[in-house]
Every structure is written in structure tokens, then in C-alpha cells.
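Encoded as C-alpha cells, the structure appears first; notes follow it.
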Amino acid sequence: MFRNYFKIAMRGFGRQKLFTFINVVGLSIGISAAVVIYLIVHFDFTFDKFHKDGDRIYRIVTNYTYSGNAGFNSGVCGPMGGAVKNQVTGIEVVAPFFTLGQPDVFIPGNTAVPVRFKNQENIILADGNYFKIFEYKWLAGSAQHALDAPNQVVITSDQAKKYFPTLSYDQMIGKIVTYDTLKTTVTGIVQTIKENTDFNFHDFISYSTNQTNKTIADQLQLTKWGATNSESQLFVKLSPKTKTAHIEKQINGIFNKNYKERAGVSHSYHLQPLSDMHFNENYYNFFDDRIASKTTLYGLLTIASFLLLLGCINFVNLTTAQATQRAKEIGIRKTMGSSRKQLILQFLSETFFITLAAVIISIALTPLILKLFADFIAPGINANLLGQPNLILFLVILTVMVSLLSGFYPAILLSGYKPIMVLKNQSVPNSSKSHNAYLRKSLTITQFIIAQFFIMATILVSKQIYYVMHKDMGFKKDAILIISAPWKNLTIKKNRLLIDYIRSIPQVSLAGLGGPPPSEDGNNSTESTYMDGKKEVKIELDEKYGDENYINVYHIKLLAGRNLRASDSTSGFLINETYARLINPQYPLEAVGKQIEKFNGDKTMQVIGVVGDFNQMSLHESITPLAILKGNQTYNYARIHIALKPEIAGGNEWKTAIASMGTYWKQIYPDDDFDYRFFDDSIAKFYASEQHTATLLAWATGLSIFISCLGLLGLAIYTTNQRTKEIGVRKVLGASVAQIVTLLSTEVVSLILIAFLVITPIAWWAMNKWMQSFADRTTISWWIFVLSGAGMIITAVFVSSFQTVKAAIANPVKSLRSE
Amino acid sequence: MLSLQHISKFYQVGGTRNFVINDISLEVEAGEFISIMGPSGSGKSTLLNIIGMLDEPSSGYHYFVGETVHQLKDKQRSALYKKYIGFVFQAYHLIDELTVYENIETPLIYQDFKSTERKAMVADMLDRFQIVGKKDLFPAQLSGGQQQLVGIARALIAGPKLLLADEPTGNLNSKQGEEIMQLFKKLNKEDGVTIIQVTHSEKNAEYGSRIINLLDGRIESSKQL
């Protein structure tokens, strides 16, 4: 029976090539989007799902408030690990560990100079408890004792092969690995985790090394309750059925017993579930690992379901439009003894064949799409069917779902025809036909609603991105190069030497030393007090460090007073206008010369100049009080800010300049790689996620318009066929081609207008919501809506004109003769 | 075999009933060949459809092979006609997308015959109607007479006891029509198939064993030949 259905389906597809094509293409697009988005979403949602008892594993994190601002730290203070282990009940295992900052790794070999691996990440200090919480497969050594003594190390298999390419795992035991100066002995090899995980550590040095190594002990700060460092992380595995609140209460109790909070600051400790780690943007993971955004993932899911819906709507529309053509077959089959169930099954299986074809096309397309979007798809995602049984399962479910969604209504409708009506050569009863047309119109309106929403959103997001990229942030951002000196080997002296070299390069117009550039993600804040007569004005502010050239490199305007001088002491500083207004709201420029007290706790400083406001962070944030200070620590002058002379179009002066800077760098920092970037590039990176949103939306828009237009074309063919006689009669009565086309297009235009009225308020609301994330934003102009509505109408009329014009210019004699 | 008692079919139009069939009673014995005649609108086709259970009467009693049809549920009714009744239509009503072979096979599929059985039965039927050479053609490639032949073959494939034919020769020329009538007569005499046909043609009606004349939904006359 199935073969019979298949045969008749195939012949039907052959006769209705265009409709079949539209159906398959529409569904393929929706399904491809669904598959790709499934891969992305599945990838992120399976992170660290494989750990045994994962629901009992938590990270202890620190939340704090500082003068009313909330802060989050993924670490805990040094003594917390030991205290939790000894004093808290309800915990099975406590595993503190410490992430080491990019040491160089040396492997002594046969040669005199050991093999060197520069700036290695994912190296931690851990004890045996780490392996009790997170179970690894041991290839050599054992979980019990591998990290018991100081100066021992456990390495994952992948990393071990890098260090000792020729040895077997057993032979690696006892070998020496040196981290900067710390010499360790290999005591175990564990299998590298193959599942999706944020725990990418590959070297585990014994935590007890702090007992013999002072540098390490200093970093761990095991006795300081007041210092919280995100490198010092604490994982716990709770005993079964323990409530998190019970644990949190004990931990906060321990902290309050040991530490007296300073005024205005408060700490609290929380248990962060393992499943939250991959998604919570408040807490960094270990080495700046990618944090996935659930909002983005849900957004993607929405886009996928909309595109799928559009494809299904096309199918329902086109199939029901053709219903009358199949009425005869249905009537005959029923008199031949077919039950309604069998007919429904037949139509559903036809839908199934179409869907299957679309799924096969999608499977072929998916790798290409992944390549196309490689920029914002995590590298671990692939469309390999064999390695991913879940993907196969998803495809099966998707095929069944889509078949049912698009096939069910047409099947019910078609199988419901009474054979007697059909066989008497009467057409399908009028009532059901108009009901049918009504449904088709609603579905088409739905398509236009979705398409127009995407259009409106795309226009607005693009407008906002254009706005933030082109807004004057208060400083110059192009033709500026920033060099970051290597923090391990950095000294001010070396930097001064380097900057002198750089100044001698002809293409450099100005260069200065400083800390972060005027605008950067992340800030460095402190507090100060200004005595306005007797009144104390507390001001929370941002700090930037720079020398006398800093504001000139960035063309930051000096409004009053003078710039910093090389000869100045570090007690004079520049403030921005926002800060000045807090000192003197009416005449901010008179802040020059004022004393600021309790700066950074205890210093007294003097304002020597006021600079114009500029955005210290992306336009998501507003402008806050700011001080520009001369540096007194090495890290204050870790970067060199260079203004380049304009490049002649097509020239490569900058390239030459950068090359010679690289040469000088090698003389001063021979061990480190030359690290530079253009300032405008990093500004653009502020809006990377918005850029991604815009790209995705543009695709969603294009595809949804495309699918809708395909459906529209199908409907236009159907309508014009239905109205052939009417068109013929009208033409005989003297209607012009233009009048006929207008007549045929009116329906489409009215459907779009209805959709427009429905979606505009919703779109306006959604846009408003999205814009809230920007402190500085463009306006939601009326023309965004008009443009998208008009654009949709023009596109739709254009697409259906292929059919309407053809019908309108046809010779009426032909159409009337056949009637 | 078939018994209709006081069967009526009407449509309510405003306050009045518009009768298509008005209180018809009819007994049909196995092996009869009945021709129903009458002018357009006299209710011939409606009566045939009621007998074939494609249409339901508004009132009356309907018995078929010992079953009380008017009390049966849709499912049982369809099972009943699937088993006992074959249809032949004026416009042939073959499925355009299927070949001759597949058209004839279709009723068997719906009656759950096994594939091998179907093959044998269809081959037998093609043989009997001498259309083996045409089995892979589509309906559009056949003449009207050939199409109707396929239609009859399809109606007979499952071995019905009762064959209902609604103007089977209406779209055919006289020679083709005569061939079809000869075939009906042969089926009736040799295979014992009970036949009820609706026809406009006096000549074709006389192939039957009884002629029933309808007028305005009533039996006007009944003549045994």
C-alpha cells in the first residue's frame, strides 16, 4: 500500500513540478535553519552535562556590593577552601583550585636547551579532591595519591603527547616538567575530556606545592579573608538531598566570623550550579572561556521556528489551493472502499515524502551553512551525522513533526470530501471553499507578519549599529595603534626605550605611555571626597593612566586648566566634565585647582585640568566621572599609544611602520611576541554581538521574504487560474491590462496591510525593549515601519506580477472558448 | 437480496420539503438485471446512490444481504459495500495518475488482499477483458470505450454480488455501448452478478430482466421482461 502511495505521490509531484518545487524549497530553508540552530543550541546546552552527580556539584562564588554597585567574582578568598572543608556540614567533597597565569613550560630533553612552550593556559593547582568531583579516566598513575606531595603534576593525554611525543603514558611517569621556575614531576596521566566542557585544564600541579614554594603561597593568599581573586576557585559536591540554602548560610556565617566588612562594602557567598556555569555572564570561567547567552540561544530558536512555520504555511496554502484538483481522486478512492483513515494516511505520506526530500537537501546544506556562519558558531560544532546519534534522532523527530504540521490540515480537509458530491460532477461545496479561502488568507497574513517583523527589526538594529559606530565618542579612534607590553617581562624603563625608538619612525606623529585606552571593556574604579565648604561630596570615579601625550594622541579636548606635564608629580590630575559638574554644577570649569581628598582611600590630589566628556566604555554604558592620572606603577604604563600619520590611499606606510616597530620590539622583548592592535578595531568589537544579531536578522529577513514570496507566487498562480473566466469576460468588456493587474493585486496588498497593522505595535514594543540595553541610542523613527511595509508591498506585487501580467495579457478568446 | 421499504429523500427548503425520492419500496432478488429509467430529475441517480450507500435516505428502511442498513454505522456500512457492491460510472472516474493495472488493483488494496493474490486477480481480470496489452497505459491514453472497460473491470475485481451502473454507456458511441451491454448481460447470465443500471436508452434498458420507470421520485411503472 505504501508503495502505491509513493508511486502516486511521485507522479503527482511530476505533474505539479512548480508547486512541488516551492514546497520543497520552502521546507528546506526552514529545516536547514532548524538543523543548524539545533546544532548550536544542543552544543551549548550539553556543556558539562556528563559529570557523574552533576546536579550536586556547585561552584562557590562571591557577590559583593561596593557603594551601591553590584559586583560578581567567580572566585573566593584564599582561606575559604580550608574553612569550608573543616567547618561546613552537608558537603561530600571540597575541591579548591587555582588557575595559573600563563607560565612558560619547559621540558628538558636530550639537547642542552629544554623544549619551551610559551604562555600556556589551562594550568591549575589542584589536589586529589578535584578528581573526586570530576571523574577522569586514568591512563597512568592513580587518582588516590597522584597529587599528594608538593611539586607533582598530572597531565591530560593530549597535552602529554605534546610534551613527550615519543613516550608511552607509563614512561612519562617520573619525567620532569618545569613551569617558569617551578620544577615538578609527572605522577599521572588522565584522558583528555572529549565531551563538551569548560574544564579544559591540561596540567594539574599539586595544590600542596604552596608549602614549599613561596611565590605560589603568595599568590594563593591562604590567610587573607579580605582579598577575593577569581583565580582562586572552589568547587564542592554536596551530600545527597542537601539544600543549597543550608550550605550558603554556613559559608556566610564563617566569613562574617572571620572578617569585618569595611563601610560601604558587603560580601555574600553563593552556590552556583554546574549547569549555570556555561551561561552566566556575571562570572568568568577559568581562562576567559566563552560564555553562551541563553537569550541569544532562545532568539535563535525563535528564528528557526518562524522559518519552519513559514515553510509549513506554504505547504498548507498550496495544498489546499489545489484541493479541488484532487477531489475526483478522493471521490473515486472512497467509492472503491477507501476509508477516511486510509486517505489521511495517503496524504500524510505524500507530505512525508516532500519533507523527507527537504530534510535530505538540508543535510547536504548544513555543512555549507556552518562554514558561512563560522564567525559566530563555536568551533566544536559540526554536522557529522555518524558521530552524533542525537542529530539523527532530531532529524527523525523534525521530519515527523513537519510532516504532521504541514500535512494534517490538508489531509483532514481533502479526506473529508463526500464522494457523492465529487462524482456528480459538482464542484466542492461552496461553504467549505470560502472557509478554505479564509484560512489561506489568514495563513498568508501570518507569513507577512513574520516577514515584516524581521524587516523592521533588521532596519532598526542596523540603524542603531550605524549610530553607535559613527557617533562622536569624544576622542579620535582611527589611525591609532596600541602596543601592549608583555606583563611578565614589563618594566617602565624598557617601555621608555621602546617608545623612543617608535618616535623615531617617520610615520608616527605622536606616541605616549599609559594604561588602557580612553574606551575599553572593563573599568578601574575608586572613590574620592570633595569638601564643598563643610559638606562632604563622595564621588565614585573611573581611573585612566597616561603621560603628557595621552590626551593628545586621542584628541581629547582640554576645556580648562592645563595638560599633565612630564615634570608633574603624581598628585595633579585631569578630570572629565561630568566629574567637574559634581564639584561645581553651575561652573564646572572652575573645578580647576580644587583639592580632592581621600582619593583612593588616603591621597590628597589637585585638579589641574578639565577635559571634555568621552565614552569610557561602549555606548551600552553612560558617561561616568573620570580621572586621568600620571602613572606611578609599572602596569600604569604597560601600553604604548601611537598616533599614526594619515596613510596615502593605496599606500603601505603603516605596514612599514608596524614592521619596524616589530623589529624594535624584538630587541627589547626578545622572548615575547609582538602584540599590537588598532584602536578602531577594538571599538568595533564592543558591538560584535550586535553585529552578529544584525547579520542573523538580515538572513532571517531575506529567507522569510523569500519563502513568503514563493508561497505568494503559488497562490497567485492558483487565483489567476480560478479567475481565468472572469478575466476573459472583463477583457471582452474592455478592461485594460493595467486594470486587470490592479484587480488581481488588490488582494495581496490588502493582506499585507492587515499584517502591517497587526505587527507594527508589536515590533515597536520589541524594539523599544531591545534598545533599553543601550545608554545612548538612536530613535525608533516612523519611517522604519513605513519603509518595511512599503518594501513588502512592492516585493509582493512584483513577485505576483509574473503571474498576474501573464493572465492579464492572455487572449480572452482562449479562456472563454474552453468554458 | 435487497429490500427498500418506504424510502424517501428530501431537502428542506423553507417550510416545505422538496422530495427527490418519495416513498419508494423495491425488492431485488439475487440474479436480477434491473434497468432504472426516467426523465432528468426523476431521482434515478439518487436512488442508485442510496442503494450503493453513497447517499443516505431521509426516511425508510433499507435491507441488504440480511443486514439492516439504515441502522448500521458508517464504518460497518462501508465494510458492507466494500465487500458486496461494485460501481460503474458514466464518466468512468478512473484515477488519472494510475495505470490501467493500478486502477484495477486499487479496490483490492483497500480490502487488504496480499500482493501476490492481487497480482493473480488483476492478471486474471486483464485477461478476461482482453486488455493485457494496455495494462501500463494511463487512462488519458485510452478511448472512452476502453476506459469504461477498465472501469467495469475495476468494479468486478473484488467479486461483488451487486453491480451498480449509472448510465454506463452515456459517454460512449452506440457500438461501444452495445459491447458494454453485451458484457453486462454475460456477467448477469454466466457469473450470476446482480446488476442495477440507470439508463436513458430504451434499447439498453431491454438488456435487463426488469425495467423500472421513475417520475418525480416515485415508481411510475415496473415491467418484467
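The values are calculated or read from the model by the stated rules, or taken from the named source; none is laboratory data. Computed from a predicted structure; not experimentally measured. Virtual Cβ from ideal backbone geometry, glycine too; neighbours counted across all protein chains shown. Heavy atoms of the whole protein, side chains included, go into the accessibility calculation; ligands, DNA and RNA do not. Shrake-Rupley method; radii C 1.70, N 1.55, O 1.52, S 1.80 Å.
Filtering region A:1-24 to residues that are open to solvent by 30 Å² or more (accessible area, probe 1.4 Å), of a type in the set (A, V, I, L, M) and touching a helix residue (DSSP H, G or I) at 6+ places or on another chain (Cβ under 6 Å) leaves only A:MET1.
Taking region B:64-83 as the range and being more than 11 Å from chain A (Cβ to nearest Cβ) and either open to solvent by 60 Å² or more (accessible area, probe 1.4 Å) or assigned to a helix (DSSP H, G or I) (or both) as the test, the residues that pass are B:GLY66, B:GLU67, B:VAL69, B:HIS70, B:GLN71, B:LYS73, B:GLN76, B:ARG77.
What residue, among those in region B:51-63 that are within 14 Å of another protein chain (Cβ to nearest Cβ) and modelled with pLDDT of 90 or more, is surrounded by the fewest Cβ atoms within 10 Å (Cβ to Cβ)? The selected residue is B:PRO57. Any idea which of (1) aliphatic (A, V, I, L, M); (2) farther than 23 Å from A:GLY14 by Cα; (3) within 14 Å of chain A (Cβ to nearest Cβ) is the one B:LEU98 doesn't satisfy? For B:LEU98, the exception is condition (2).
Of the residues making up region A:69-91, those that are touching a Ser or Thr at 6+ places or on another chain (Cβ under 7 Å) and crowded, with 16+ Cβ neighbours inside 10 Å are A:ASN73, A:SER74, A:GLY75, A:VAL76, A:CYS77, A:GLY78, A:PRO79, A:ILE91.
Selection of region B:159-206 for residues being within 14 Å of another protein chain (Cβ to nearest Cβ) and in contact with a Gly (Cβ under 7 Å, 6 or more places away or on another chain) yields B:PRO160, B:LEU163, B:LEU164, B:ASN171.
Residue-wise test of (1) closer than 30 Å to A:GLY71 by Cβ; (2) out of contact with any His (no Cβ under 6 Å at 6 or more places or on another chain); (3) open to solvent by less than 60 Å² (accessible area, probe 1.4 Å).
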| site | (1), (2), (3) |
| --- | --- |
| A:VAL115 | no, yes, no |
| A:TYR130 | yes, yes, yes |
| A:GLN144 | no, yes, no |
| A:ASP148 | no, yes, no |
| A:VAL154 | no, yes, yes |
| A:LEU182 | no, yes, yes |
| A:ILE216 | yes, yes, yes |
| A:ASN229 | yes, yes, yes |
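Among the criteria (1) farther than 26 Å from A:SER293 by Cα; (2) modelled with pLDDT under 90, the one A:LYS371 does not fulfil is (1). Of all residues in region A:276-292, those satisfying the criterion of being in contact (Cβ under 8 Å) with a residue 40 or more places away in the chain and surrounded by fewer than 15 Cβ atoms within 10 Å (Cβ to Cβ) are A:ASN282, A:ARG290. Among the residues of region A:394-414 satisfying the criterion of being closer than 20 Å to A:ARG440 by Cβ and among the aromatic types (Phe, Trp, Tyr), which is most open to solvent (accessible area, probe 1.4 Å)? If we take residues in region A:394-414 being closer than 20 Å to A:ARG440 by Cβ and among the aromatic types (Phe, Trp, Tyr), then A:PHE408 is most open to solvent (accessible area, probe 1.4 Å). Taken as a whole, region A:239-262 holds no residue that is of a type outside the set (Asp, Glu) and within 27 Å of the chain's Cα centre (by Cα). When only residues in region B:147-186 that are of a type in the set (Asp, Glu) and part of a helix (DSSP H, G or I) count, which is least open to solvent (accessible area, probe 1.4 Å)? So, considering only residues that are of a type in the set (Asp, Glu) and part of a helix (DSSP H, G or I), the one least open to solvent (accessible area, probe 1.4 Å) is B:GLU178.
To keep it simple, each residue is scored yes or no on (1) within 14 Å of chain B (Cβ to nearest Cβ); (2) outside any helix (DSSP H, G or I).
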{"residue": "A:ARG326", "(1), (2)": "yes, no"}
{"residue": "A:LYS334", "(1), (2)": "yes, no"}
{"residue": "A:ALA358", "(1), (2)": "no, no"}
{"residue": "A:LEU368", "(1), (2)": "no, no"}
{"residue": "A:GLY380", "(1), (2)": "no, yes"}
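When we screen A:ARG262, A:ARG340 for residues that are without any contact (Cβ under 8 Å) to a residue 12 or more places away in the chain and out of contact with any Lys or Arg (no Cβ under 7 Å at 6 or more places or on another chain), the only hit is A:ARG262.
Yes or no, residue by residue, for (1) open to solvent by 50 Å² or more (accessible area, probe 1.4 Å); (2) assigned to a helix (DSSP H, G or I):
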| position | (1), (2) |
| --- | --- |
| A:ASP673 | yes, no |
| A:ASP681 | yes, yes |
| A:ALA684 | no, yes |
| A:LEU696 | no, yes |
| A:PHE706 | yes, yes |
| A:ALA716 | no, yes |
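Going by what's in this entry, would B:GLY86 be described as open to solvent by 50 Å² or more (accessible area, probe 1.4 Å), within 14 Å of chain A (Cβ to nearest Cβ) and not hydroxyl-bearing (Ser, Thr, Tyr)? So B:GLY86 does not fit the description; no. Close Cβ contacts (under 7 Å, 6 or more residues apart or on different chains) running from residues in region B:141-154 that are more than 14 Å from every other protein chain (Cβ to nearest Cβ) to residues that are among the basic types (Lys, Arg) comprise B:LEU142/B:LYS134; B:GLN146/B:LYS134. The selection criterion, being assigned to a loop (DSSP other than H, G, I, E, B) and of a type in the set (A, V, I, L, M, F, W, C), holds for A:ALA149.
Yes or no, residue by residue, for (1) closer than 30 Å to A:THR223 by Cβ; (2) within 35 Å of the chain's Cα centre (by Cα):
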site: A:THR166; (1), (2): no, no
site: A:LYS183; (1), (2): yes, no
site: A:VAL186; (1), (2): no, no
site: A:GLN191; (1), (2): no, yes
site: A:LYS194; (1), (2): no, yes
site: A:ASN200; (1), (2): no, yes
site: A:ASP203; (1), (2): yes, yes
